[in-house]
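The values are calculated or read from the model by the stated rules, or taken from the named source; none is laboratory data. Worth saying up front: this structure is predicted, and the values here are computed from it rather than measured. Cβ coordinates were reconstructed from backbone atoms using ideal geometry, including for glycine residues, and neighbour counts include every protein chain displayed. Please note that ligands, DNA and RNA were not included when accessible areas were found on the heavy atoms of the full protein model with its side chains. Shrake-Rupley method; radii C 1.70, N 1.55, O 1.52, S 1.80 Å.
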Amino acid sequence: MSPQSNENNLTPTDMQSNEYSAAHIMAKEARNHSSPCETVDSMPWFGMDIGGTLSKLVYFEPKDITRDEADAEVETLKNIRRYLTKNSVYGKIGHRDMHLQMDNVCIRGRRGTLHFIRFPTSKMGNFLALAKSKDMANLVTTVCVTGGGAFKFEDNFKKEVNMNLTKFDELDSLIRGMLYIETTNPHECYYWSNPTDDSKCQKVPYDFSEPYPFLLVNIGSGVSILAVYGPENYKRICGTSLGGGTFLGLCCLLTGCNTFEEAIELATGGDNTRVDKLVKDIYGSDYSPYGLPGDLVASSFGQMNSKDRRNTVTKEDLARATLVTITNNIGSIARMCAVNEKIERVVFVGNFLRVNPISMKLLAYAMDYWSKGTLKALFLEHEGYFGAVGCLLQFNGESS
Amino acid sequence: MASENDSDQRSHPRCIKLPPAVEVFANLKNAQTFAIDIGLSLTKIAYYSTVSYRKALYEDAEGLGNSGELAYKVFEGNRLHFVKFETRYIENCLNFVKKNLVDVERFHGKSIKVTGGGAFKYTPLLQDKLGLLVDKKDEIDCLIKGCNFLLKNIPCEAFEYHRHANPEYKFQKAGPNIFPYLLVNVGSGVSILKVESDEVFERVGGTATGGGTFWGLGSLLTKRKDFDELLQLAERGDHRNVDMLVKDIYGGDYSSQGLSGELIASSFGKAVACGQPKFSEADLARSLLFTISNDIGHIASLYATVYNMDRVYFGGYFLRNHPLSMHTISYSIKYWSHDRVTPLFLRHEGYLGAIGAYLYSTEQKDKCSWLENYAGSSSFKDSVSTDLGIKVDQLEIDQAEYAVTFCPLLKDPASYIPDTTDLAQDKEARDYWLQCFEESVDKFVSRAIHSQPLSPTAKDRGLKLKEKYINRLHYLHAQPFAYGALTVRILLDTIEHCMKEFDFPDPYLHQKRKENEEALRHLHERVTVIDKLEGIEKIKALILGVLSGNIFDWGAKDVAKLLETNDFGFEEAQAKIPGRPWLEDNLDDWIHRLQNGPAHKCAAIFVDNSGVDIILGILPFARDLLQRGTKIILCANSMPALNDVTYPELVVTLRDAAKICNVIRQALEDNTLIAMETAQAGPCLDLSRLNLDLCLAMVEHDVDLVVIEGMGRTLHTNFHAKMKCECLKLAVIKNRWLALRLGGDMYAVICKYEQSSPKTKIYDIEIKSEAIKDGCPSKCTGETTELCKCDNSSDRNTSKVSV
């Protein structure tokens, strides 16, 4: 990002104009200035990533507003800012991840705070209604969106809140956002030490200043795996449909739970070894000829074909088994991709990892164990928001 | 969609009538060695047993008398039996085995090789029931041993599956060059094994998402608790109601990444907090099947890429040759590997562990040749009901009496296919031949019964044979892939297997002997006629003689009627040969070759029928070549098939002919005329399973001309076979339908002469050095290096290009 300078040099010429023309003129101004530092786009700045299950909204709250600017700011904009920053729950559907909030960041020459908000994609209708009720339609005509929903909901945005969507590529946004946050937040990247030992296991910051090459495993509803060789140099090498959506879908079916949080909570109290068949369940102990430890899962859900066993397991056990199954499978695929690409660092992101240390520790262990220590699993604090951030960064205040 | 439904119908017929009760645990009383593979859901018992069967003696006429009964000698053959049943019946089955074993005490203190996940649990039961000591063998070692065995020995064992193509099943042939490969065993979990040779292999990885996951989750998510029921349920469902597709997220394709809207983005993604479920149990089962099959295919393709393998075989109980699973795995592995990896399935995937465990209990056995017994094996598509009251699958593999290998003169053994027409693909031909064989079976059976006039059981056995064969034909009509590739050769072989099974060792023996004696009476006259001719006319007459002789074929329905009239002789046959040009007519090239080229060093002649064919057709032809200075190897069947001349008969016939013809007598004395056996037991010729001794002799004698005679050996099997040396294929088409199909008429003539391409060199036929030491007659060991020292890849390229 460009260094911050001249942040206050903008003086809108027509302070009395209505909201629309103010924004219009500001955008026009921005175009007439040559230095990128002077670029100012119409507020508010949003980046949005509409995934299959979850929609992520990143909001930049400027903290460097001058008095002139503040005076010029329309009431709607103020209201929106106030609404977003004073609340953490929006209309029962949206949640702000306050612990992820980033203060004092600089984007396009402006200094401010990044807020991270999410809501279920299935509540898109409620979201649009909320946006309409806050007069969003009068402020911005264009929203920067990535993710599949950018295509799927384009018409809804247009019809219901008179907004045009500027679509950005999902993977470009993901990498851009990730690199930005990682360089901006000194404690963004970490790994889990001693992942199998709960008493010793802890998050340890990781110096990711020399990132390339790395494997980026984005676990949303499904999974995408990218090999990243440089900021602009990456390829999607594969993906799998067994992702967070599979975990949640199966958990809902198996336990009757309704949300990801519930599912994770159930899993936390469960024991998958009552559901899975372990190596020792088959061989009595380790399968020594091939070095397979007895505690290794040989067959996920492998005991559930037995009626007796089905009658003794709890919802918690089933949730745990589902979580372990999906996580281990992602781990296997990621590991093989890393070997194929000859890459040693594997960065796991995506909202599947939110409030989910079980999976992170499992991935950390699996990478280390099966690669005999050559692969390292890395994690990022803002795991699910990089697409939305990348989108925000690409926002230039007008439709492209 | 209609076509898809059709193919589903074909894969899962519910209307096929199988014989109600099949003898299970056949030959148990003679069982020698047992091995057992106890799996989570299925158990496979293997036992090696001796099978007594009679061979009819050609020479010993003492038993003949006026009764027409033949003289027999009893032989012992060896056979491997495999019986597969659900593990929950293990106790019933062991009880049955115990009850039926003769002299069960002889097993006390002996050991039984046991493998599989249940080996641990059932050890006490095994020891209790059979008194056998349990010797546990590693599961993976057994799998690989079994897989290698099947790939090397069983034709059409492995296949590619193309759900929407014709044919759906693309079979591979057996052969020695099977390494390296990846074996993905999908049992409860998945093991991925890299196999580089019989000895070198390793477990390179695996995943816990396997058959047990499908079964376990399926039991939790639906009311079906049985594995097969879950598979059936999945057939009916629509995964799109449960899975989140790319288009559910994007509204359409995700074109910038080239992902089609129909791809599954998130398995079970629509099941999230769904309130009112919009899907059925069948939808869930199908989604589950797709989830797991896709995942296995994906992981397999990643391992194949890491280890640089282009062939991946799938085994284990999850597949059970279930079309939808095979289709999904195939699709997934091709998608992820960008078509670089070929997914292959095995007809007998369920038996890998049992075969491997069995092989542990025996030394040496893997050095023999083996043949799938089509009479005793059940198809890989369906289980059969048994007199034990449970459903089982059976596989029987006969130990061949001969070591076999590829004919050393095949231009490209790797691409050789011993069949001209794939009946699975060619529906018209399939329908015709299945019908044709059904119509012919009465004739074969009545002759079989008549060959044993003194036997009180002959009629009963004959009728059982007929029922079995006709049932098989009907079954193949609905399930053309049930026994691998479906070809005329297989149909003919099946008749012979059934004949042997029902103790009709050689129904045509009497007929053959009569015809040989009759034909020998005309040999002198025939030779005299030929000797009066010279040059082109003589060559023509000899070819015409072979062709006329070839009309005498009891296997051809229409001709058999003629032959029964008794006044059909050589002259009459000659009159049937149409005028030239023939349907396939390279006679002039052949004449030119004989007149202008140097004499051939040695000719291998693959002969067809007894009587007129061999004696008045082939012998004069061979005699002429002998007179030109060419050595002759007459190659005859080892076992009887219709009225084809067998090796023992050929030896006697040559001895008798020597009394009539001096050239033949001298040649026999000089060893320039040799009779050898092919190791074949049907009216066709599979040059990929030729008697090793014969192959070695062909190399030793530097065979530079191969003559193949008859419909079965030429038209049905080797019409397109390319040789490294000159090759003459001679046959008369005694089947109107086939003749018309090829553009000729009844008695159309095939006279196909092919020059060798001078550039091709000896190809690697992979006769192992130890095999040569063991199996080679001492006289030729000195020369074997020529055979085996085969050149490398550059030669392969040459031969490919020249094809």
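Tabulated data for the structure shown
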quantity	calculated
Selected residue (criterion: least open to solvent (accessible area, probe 1.4 Å)) from residues of the stretch A:153-206 that are in a strand (DSSP E or B), in contact with a Ser or Thr (Cβ under 9 Å, 6 or more places away or on another chain) and closer than 30 Å to A:Trp370 by Cβ	A:Val204
Residue satisfying condition, being at pLDDT 95 or above, within 26 Å of the chain's Cα centre (by Cα), more than 10 Å from every other protein chain (Cβ to nearest Cβ) and open to solvent by 10 Å² or more (accessible area, probe 1.4 Å), within set A:Glu344, A:Glu262	A:Glu344
Of all residues in the stretch A:162-214 being touching a Lys or Arg at 6+ places or on another chain (Cβ under 9 Å) and of a type in the set (A, V, I, L, M), the one that is nearest to the other protein chains (Cβ to nearest Cβ)	A:Leu171
Members of the stretch A:80-138 that are of a type in the set (Asp, Glu), farther than 23 Å from A:Gly51 by Cα and at pLDDT 90 or above	A:Asp103
Subset of the stretch B:255-272 [closer than 15 Å to A:Gly51 by Cβ, touching a helix residue (DSSP H, G or I) at 6+ places or on another chain (Cβ under 6 Å) and facing chain A (nearest Cβ under 7 Å)]	B:Ala265, B:Ser266, B:Gly269, B:Val272
Complete set of residues in the stretch B:208-221 that are touching a residue at least 12 places away in the same chain (Cβ under 8 Å), within 7 Å of chain A (Cβ to nearest Cβ) and in a helix (DSSP H, G or I)	B:Gly212, B:Thr213, B:Trp215, B:Leu217, B:Leu221
Hits in the stretch A:307-339 (condition: of a type in the set (Val, Ile, Thr), at the interface with chain B (Cβ under 10 Å from one of its Cβ atoms) and open to solvent by less than 50 Å² (accessible area, probe 1.4 Å))	A:Val313, A:Thr322, A:Val324, A:Thr325, A:Ile326, A:Ile333
Checklist (1) touching a Ser or Thr at 6+ places or on another chain (Cβ under 9 Å); (2) open to solvent by 50 Å² or more (accessible area, probe 1.4 Å); (3) within 14 Å of another protein chain (Cβ to nearest Cβ); (4) not small (Gly, Ala, Ser) applied to A:Val217, failing item	(2)
Residue tally, condition within 14 Å of chain B (Cβ to nearest Cβ), touching a strand residue (DSSP E or B) at 6+ places or on another chain (Cβ under 7 Å) and touching a residue at least 60 places away in the same chain (Cβ under 8 Å), over the stretch A:130-161	7
Residue within the stretch B:660-677 that is touching a Phe, Trp or Tyr at 6+ places or on another chain (Cβ under 9 Å) and assigned to a helix (DSSP H, G or I) present	no
The stretch A:230-252 - residue that is closer than 28 Å to B:Thr207 by Cβ and open to solvent by 40 Å² or more (accessible area, probe 1.4 Å) and, of those, farthest from the other protein chains (Cβ to nearest Cβ)	A:Tyr234
Any chance B:Leu694 is open to solvent by less than 10 Å² (accessible area, probe 1.4 Å), in the same structural domain as B:Cys725 (by the TED database) and in contact with a Phe, Trp or Tyr (Cβ under 7 Å, 6 or more places away or on another chain)	no
Residue satisfying all of: in the stretch A:265-291; more than 8 Å from chain B (Cβ to nearest Cβ), part of a helix (DSSP H, G or I) and not hydroxyl-bearing (Ser, Thr, Tyr); surrounded by the fewest Cβ atoms within 10 Å (Cβ to Cβ) among these	A:Glu265
Pairs where the first residue, in the stretch A:370-387, is closer than 14 Å to A:Ile219 by Cβ and touching a residue at least 60 places away in the same chain (Cβ under 8 Å) and the second is part of a loop (DSSP other than H, G, I, E, B) and among the charged types (D, E, K, R), C-beta under 6 Å, 6+ apart	A:Leu380/A:Glu188; A:Gly384/A:Arg354
Number of the condition not met by B:Arg224 [criteria: (1) in contact with a Gly (Cβ under 8 Å, 6 or more places away or on another chain); (2) at the interface with chain A (Cβ under 9 Å from one of its Cβ atoms)]	(2)
Qualifying residue in the stretch A:292-306 (condition: away from every other protein chain (no Cβ under 11 Å), touching a strand residue (DSSP E or B) at 6+ places or on another chain (Cβ under 8 Å) and charged (D, E, K, R))	yes
Candidate set: the stretch B:184-203, residues that are farther than 20 Å from B:Ala158 by Cα and either away from chain A (no Cβ under 12 Å) or touching a helix residue (DSSP H, G or I) at 6+ places or on another chain (Cβ under 6 Å) (or both); chosen: the one surrounded by the fewest Cβ atoms within 10 Å (Cβ to Cβ)	B:Glu199
Failed item, numbered, when B:Asp283 is tested on (1) more than 11 Å from every other protein chain (Cβ to nearest Cβ); (2) in a loop (DSSP other than H, G, I, E, B)	(2)
Sole residue being touching an Asp or Glu at 6+ places or on another chain (Cβ under 6 Å), of a type in the set (A, V, I, L, M) and open to solvent by less than 50 Å² (accessible area, probe 1.4 Å), chosen from B:Leu454, B:Leu520, B:Leu434, B:Leu486	B:Leu520
Within the stretch B:127-170, tally of residues that are touching a residue at least 24 places away in the same chain (Cβ under 8 Å), in a helix (DSSP H, G or I) and farther than 30 Å from B:Ala403 by Cα	2
First in the stretch B:646-660 and more than 16 Å from B:Asp613 (Cβ to Cβ), second anywhere and part of a helix (DSSP H, G or I) and open to solvent by less than 10 Å² (accessible area, probe 1.4 Å), Cβ under 7 Å, 6 or more apart	B:Ala658/B:Ile664; B:Ile660/B:Leu523
Within the stretch B:228-249, considering residues that are at the interface with chain A (Cβ under 9 Å from one of its Cβ atoms) and surrounded by 23 or more Cβ atoms within 10 Å (Cβ to Cβ), the one nearest to A:Pro120 (Cα to Cα)	B:Ile249
Subset of the stretch B:209-224 [open to solvent by 20 Å² or more (accessible area, probe 1.4 Å) and under 22 Å from A:Val297 (Cβ atoms)]	B:Trp215, B:Leu220, B:Leu221
Members of the stretch B:127-142 found to be away from chain A (no Cβ under 12 Å) and either basic (Lys, Arg) or under 29 Å from the mean Cα position of the chain (by Cα) (or both), listed by number	B:Lys129
Residue match in the stretch A:297-305 (condition: in a loop (DSSP other than H, G, I, E, B), surrounded by fewer than 18 Cβ atoms within 10 Å (Cβ to Cβ) and touching a Ser or Thr at 6+ places or on another chain (Cβ under 9 Å))	no
